[in-house]
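Here's the structure, in structure tokens; my notes come after.
Only the coordinates and a few stated rules stand behind these numbers; no lab work does. Quantities reported herein were computed from a predicted structural model and do not represent experimental measurements. Glycine also receives a Cβ, built like all others from the backbone with ideal geometry; neighbour counts cover every protein chain displayed.
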Amino acid sequence: MNTISRRQFVKGSSLLATALTLTACGGGAPAAEAPADDAAADASSYTLVNEGKLTCISNLYFPPFESMDEKTGEPVGFDIDMSKSLAEHLGLEINWLPSQAFDSLVPTIKAGGTADVAIAGMTITDARKAEVDMSDPYVDSNQSLVTKTGSEDTLETLNAAEKKIAVQAGTTGADWAAENLPEATIVPLDDIISAMNGVLTGSYDGLVTDLPVSAYQIKNSFTELQIIEEIPTGEQYGIAISKDNPGLTAAINEALAAMVDDGSMAQIQTTWFGSEL
Ligand code: GLN
């Protein structure tokens, strides 16, 4: 990892901002007015754990945002396609590391040295913002309460000590369950697929997870689960970046804006959700 002086950083980031503004205003046309050394200016405004690559971490059990292709084991999903486009806009290659526990992502980014970003359907929260930088939002999300088809349970009946509610550890769904089902037995798991399987087999009475994930999974694979509550938490997903790398946060925010302007974000949303979110 190379470090740069504050002076270099300020110079690099202002050039970067200029270059990206020109690109954004040009509507996809080559920014003829941009200075010739743009690429160098971009690279000097932030550090990367692997030169020329945007190295990403996630928990790869959160479809359709991220999961592993059954045949190849490669990461696939909305966040993966989004990260490819993001890297392209930054002039970088993409490098996905193996899946890790969701609640280890923020600590890993904070510690530095392993990955540049966590892209994980991660809600922007004040607690996370105290530990890492979060990019501008790129997806809106809500929570959902899920039971097995045929279950008569409601939000009210699930709020009892004998009811087991599965959540993914360290998520906003886990926080919501702790707050709104205070009597229930909350079971934190490594991933939401295990939670879905557990509700299916009767190990748990219900689960709480992000609505786009439960809706997608129920439609495509867990057809014997049902959403009994859509919970309008008004969450927004962002990308987690080290606070020691503010130039990367700025560059990612510019790239996300460019992806909205040039239609690539809408295209990726349509690919995975059938329409723009
Ligand atoms: N959006 C939720 C959170 O940030 C869940 C994310 C996830 O499980 N990957 O806590």
message: Could you list, ordered by first residue, the pairs with Cβ atoms under 6 Å in which the first is in region 53-64 and charged (D, E, K, R) and the second is more than 10 Å from the ligand (Cβ to nearest atom), at least 6 apart or interchain?
response: LYS53/LEU92; LYS53/GLU93; LYS53/ASN95
task: Would you mind finding the one in ILE239, ILE228 that is of a type in the set (A, V, I, L, M) and surrounded by fewer than 22 Cβ atoms within 10 Å (Cβ to Cβ)?
output: ILE228
field: Condition met for GLY112 (within 16 Å of the ligand (Cβ to nearest atom), in contact (Cβ under 8 Å) with a residue 12 or more places away in the chain and at positive phi)
entry: no
task: Output the residue which, of all residues in region 100-114 that are in contact with a strand residue (DSSP E or B) (Cβ under 8 Å, 6 or more places away or on another chain) and surrounded by fewer than 20 Cβ atoms within 10 Å (Cβ to Cβ), is farthest from LYS243 (Cα to Cα).
output: GLN100
field: Condition broken by GLU74, with the remaining ones in (1) of a type in the set (D, E, K, R); (2) more than 15 Å from the ligand (Cβ to nearest atom); (3) buried (at least 19 other Cβ atoms within 10 Å of the Cβ) satisfied
entry: (3)
Matching residues in region 118-144 - criterion: being assigned to a strand (DSSP E or B) and either without any contact (Cβ under 8 Å) to a residue 60 or more places away in the chain or touching a Ser or Thr at 6+ places or on another chain (Cβ under 9 Å) (or both): ALA118, THR123, ASP133, MET134, SER141, ASN142, GLN143, SER144
statement: When region 130-155 is checked residue by residue, the ones that are in contact with a Phe, Trp or Tyr (Cβ under 8 Å, 6 or more places away or on another chain) and β-branched (Val, Ile, Thr) are VAL139
query: Pick from region 194-203 the residues that are within 16 Å of the ligand (Cβ to nearest atom) and among the polar types (S, T, N, Q): which of them is nearest to SER221 (Cα to Cα)?
result: ASN197
task: Answer yes or no: is there a residue in region 150-162 that is within 22 Å of THR123 (Cβ to Cβ) and part of a loop (DSSP other than H, G, I, E, B).
output: no
- prompt: Any residue in region 175-193 that is more than 16 Å from the ligand (Cβ to nearest atom), under 30 Å from THR55 (Cα atoms) and surrounded by fewer than 17 Cβ atoms within 10 Å (Cβ to Cβ)?
  reply: no
task: Those residues that are small (Gly, Ala, Ser) and more than 30 Å from ALA250 (Cβ to Cβ), I need them from region 120-166; list them, please.
output: SER144, GLY150, SER151, ALA160, ALA161, ALA166
